Amino acid sequence: MQKIKATNPAALSADLKAENIAQLRALFPELLTESANGVALNVNVLKQLVGDATITDTEEKYGLNWHGKRRARQLALTPSIGTLRPCPKESVDWDTTQNLMIEGDNLEVLKLLQKSYAGKVKLIYIDPPYNTGKDFVYPDNFQDNIKNYLELTGQVEGGRKISSNTEASGRFHTDWLNMMYPRLRLARNLLRENGVIFISIDDVEAANLRKVCDEIFGEENFIANVVWQKKYAPQNDATYFSDMHDHILVYAKLAKRTKNDEKGWNLDLLPRTGSQNDAYKNLDNDPRGIWKAGDLSVKTYSAKNDYAITTPGGRVVHPPESRCWVVSPERYAELVADNRIWFGTEGNNVPSLKRFLSEVQDGAVPVTWWTYQDCGHNQDAKKELKDLFADAEIDTIFDTPKPVKLITRMLQLATKSDPNALVMDFFAGSGTTGQAVYEMNLTDEGRRRCILVQLPEPIEGDAQTIAELTKERLRRAAKKIKEETPMFAGDTGFRVFKLDTSNIRAWNPDRDNLEKTLLDHEEHILPGRTEADIVYELLLKLGLDLCVPIETRAITTEHTESTENIKSAAINSVCSVSSVVKKEVHAIGGGVLLACLSERIAAIEVEALAQGIVAWRKELAPAGDTTCVFRDSAFENDIAKSNLAAILEQYGIANVRSL
């Protein structure tokens with residue numbers, strides 16, 4: 001039976017560095033060699049493979065560089081030894097919901113989600129903190145980011161640490177880039193091959209963010225720089241120009257190389273509005289339905305298509321100067337015969353091509369200018385918060401909240417044809433993305449899921465945190481939907497998890513008292529941690545969905561205790577008393593993972609417990625191999641542990657682990 005220690009790969013988040021090395025080894029095994037520090041990359045071989053001409057001086061190569069970039073890249077590759085602890089009491093519909101609200105530093109959370117959600121997210125939207133020069137609440141500690149997070153949020157001694165990020169600091173752009181870079185690298189791993197990310201940003205860092213995203217997602221996967229009109233009225237007291245817009249950068253995990261490419265992100269068209277359809281008429285009662293006139297000429301000149309046309313009224317017309325007709329004379333004759341050329345009601349206008357609405361693609365191609373009429377503005381967003389929180393003025397806490405209509409536009413473009421998509425926002429803020437997902441599912445009866453992540457950032461002058469407001473907004477938005485549409489049976493719940501240190505105790509010896517250290521580490525699970533805490537850490541570390549079904553069954557075993565019984569004549573004798581004991585076993589994912597985290601397993605109980613697990617696994621009939629996990633300190637002795645592992649292996653359960 002293999003013991004899972006705090007440093008064991010099974011206790012860590014995904015090791016992205018090891019995965020990169022494995023991919024290099026599969027493609028170019030000759031690149032890798034051995035060194036005193038382990039596997040090393042042979043740069044000379046790399047040069048030979050790609051040709052020396054493509055290797056440039058590192059100080060002169062094209063790209064965006066800043067102090068700390070190498071450290072930020074390494075930070076993204078460093079596995080997390082943290083965990084996410086379940087909080088059913090703060091959740092809504094815990095037993096049935098598929099949505100997640102995770103409270104914690106999003107860098108660590110993104111690392112922890114790598115095994116379970118890599119390549120599964122269809123749409124990511126983030127509204128990161130703009131670089132305004134105010135205090136900065138994401139100071140990553142390279143040595144121990146979990147400790148940094150707990151100090152930042154006042155959960156351990158040390159207090160709240162907030163670093164200043166003023167323009168005079170000399171690190172104004174550097175600090176912001178060091179915060180964003182590792183998070184975007186980890187976010188890309190979570191996207192599906194046909195996934196897409198939308199990122200809100202203002203003018204201060206738009207150019208830098210574009211360069212960073214070009215590097216992380218690939219310049220060829222840039223889709224658009226959308227300009228959103230975030231205000232409806234100008235500020236007349238502005239020093240120069242009144243700031244009316246934000247940028248939304250759009251990158252695909254894999255952009256289509258051609259329009260008909262089967263791979264890559266498939267853009268969903270927007271619904272056609274009434275104003276767009278108003279241009280379609282049926283002036284000649286064509287049986288094919290309404291149509292609108294399109295230009296018959298084109299700029300690309302062709303002598304063959306430069307010919308005279310005689311209208312039904314007898315007027316001779318030519319293409320406009322330096323242009324020609326879009327069709328050849330032969331094709332023009334076919335279009336006239338098919339009643340597809342329009343000369344106006346009098347029959348003497350310049351000819352135009354009839355384009356029927358029935359033949360136009362079902363939807364409108366989006367433009368890169370998003371007006372407040374179509375996508376809302378900041379004041380709309382504040383009003384939405386005010387409507388939900390009539391008893392509290394939380395709209396003043398968020399300077400530039402995003403309206404539901406804005407996120408709905410992104411959901412329409414990325415998930416309209418995929419109503420079961422997984423949506424993520426790891427700068428959740430006021431929780432707009434969660435509410436937008438609820439409302440989109442209400443509109444089209446979809447089953448979209450969302451994962452929201454928010455730092456429990458303290459609110460000045462308030463006992464609450466931003467994460468508390470995020471959760472409360474979700475609760476109130478769900479209640480509003482159910483009150484207004486009581487027949488709606490969609491998922492408006494969410495499971496709450498909170499970032500914390502691993503449940504598995506790390507080896508941290510007190511060199512002045514090694515005996516005490518050894519006794520303290522006899523139990524590998526931290527005190528105060530529940531079975532649920534351990535089960536969900538297992539889910540994360542084994543790559544299972546945090547909303548996967550979990551069944552619990554009590555397996556009956558026989559337990560024998562020795563007791564001293566004083567009989568008559570003061571004769572002492574020891575007799576065995578046998579009793580029935582039930583051990584709880586958790587089956588996760590239909591039997592992919594079986595966990596018995598009982599605090600005591602006696603030697604006499606081993607066979608009954610093992611047989612019960614084997615019988616239940618046979619009943620569940622999981623599709624793949626089963627992993628069984630036990631608490632290491634629970635076993636009466638090593639013989640009990642070995643016997644249990646042997647019985648399970650005899651019946652085909654070879655992956656047996658202990659914590």
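Picking from residues in the range 1-44 that are among the polar types (S, T, N, Q) and over 23 Å from ARG188 (Cα atoms), the one that is modelled with the lowest pLDDT is THR7. Residues that are of a type in the set (Ser, Thr, Tyr) and touching a residue at least 60 places away in the same chain (Cβ under 8 Å) within the range 433-451 comprise just one, THR433.
What number of residues within the range 315-328 are within 15 Å of ALA303 (Cβ to Cβ) and in contact with a strand residue (DSSP E or B) (Cβ under 9 Å, 6 or more places away or on another chain)? The qualifying residues number 7. Residues in the range 533-556 that are hydrophobic (A, V, I, L, M, F, W, C) and outside any loop (DSSP other than H, G, I, E, B): 9 in all. Look at (1) at pLDDT below 90; (2) surrounded by 13 or more Cβ atoms within 10 Å (Cβ to Cβ) and you find that ALA279 fails only one, number (2). Among the residues examined, ALA333 qualifies as assigned to a helix (DSSP H, G or I) and under 25 Å from VAL360 (Cβ atoms). Exactly one residue out of ALA463, ALA477 is of a type outside the set (Asp, Glu) and modelled with pLDDT of 95 or more, and it is ALA477.
Among the residues of the range 256-274, just one is more than 16 Å from VAL365 (Cβ to Cβ) and crowded, with 17+ Cβ neighbours inside 10 Å, namely GLY264. Regarding ASN266, is this residue among the polar types (S, T, N, Q), part of a loop (DSSP other than H, G, I, E, B), modelled with pLDDT of 90 or more and within 27 Å of the chain's Cα centre (by Cα)? In short, yes.
Taken over the range 226-255, the criterion of being surrounded by 12 or more Cβ atoms within 10 Å (Cβ to Cβ) and in a loop (DSSP other than H, G, I, E, B) is satisfied by LYS230, LYS231, TYR232, SER242, ASP243, MET244, LYS253, LEU254, ALA255.
Residues in the range 287-306 that are within 12 Å of LEU357 (Cα to Cα) and out of contact with any Lys or Arg (no Cβ under 7 Å at 6 or more places or on another chain): 2 in all. When SER322 is tested against the conditions (1) part of a loop (DSSP other than H, G, I, E, B); (2) in contact (Cβ under 8 Å) with a residue 24 or more places away in the chain; (3) small (Gly, Ala, Ser), the lone failure is (2). When we screen ALA390, ALA381 for residues that are in a helix (DSSP H, G or I) and of a type outside the set (Lys, Arg), the only hit is ALA381. Confirm whether ARG71 is under 30 Å from ASN208 (Cβ atoms) and either among the charged types (D, E, K, R) or free of Cβ contacts under 8 Å to residues at least 12 places away in the same chain (or both). Taking the combined requirement at face value, the residue satisfies it. Put simply, of VAL350, VAL404, VAL367 the only residue that is more than 30 Å from PRO129 (Cα to Cα) and either β-branched (Val, Ile, Thr) or touching a Cys at 6+ places or on another chain (Cβ under 7 Å) (or both) is VAL350. Among the numbered conditions (1) touching a residue at least 24 places away in the same chain (Cβ under 8 Å); (2) crowded, with 18+ Cβ neighbours inside 10 Å, the only one that GLY363 does not meet is (2).
Look at the range 224-240: where a residue is over 30 Å from VAL196 (Cα atoms) and a partner is surrounded by fewer than 14 Cβ atoms within 10 Å (Cβ to Cβ), sitting 6+ places away or on another chain with Cβ atoms under 7 Å, you get PRO234/SER242; GLN235/SER242. Taken over the range 90-113, the criterion of being surrounded by fewer than 21 Cβ atoms within 10 Å (Cβ to Cβ) and either in contact with a Cys (Cβ under 8 Å, 6 or more places away or on another chain) or part of a helix (DSSP H, G or I) (or both) is satisfied by GLU90, THR97, GLN98. Cβ-Cβ under 9 Å, sequence separation 6+ or interchain: first residue in the range 116-127 and hydrophobic (A, V, I, L, M, F, W, C), partner assigned to a loop (DSSP other than H, G, I, E, B) and at pLDDT below 95. Which pairs? Listed by first residue and then by second, the contacts come to ALA118/ALA14; ALA118/GLY543.
Residues in the range 100-128 that are more than 22 Å from LEU249 (Cβ to Cβ), touching a Phe, Trp or Tyr at 6+ places or on another chain (Cβ under 8 Å) and not aliphatic (A, V, I, L, M): GLU103, GLY104, ASP105, GLU108.
The values are calculated or read from the model by the stated rules, or taken from the named source; none is laboratory data. Source: prediction; values computed, not measured. All Cβ positions, glycine included, derive from the backbone under ideal geometry; neighbour counts span all protein chains shown.
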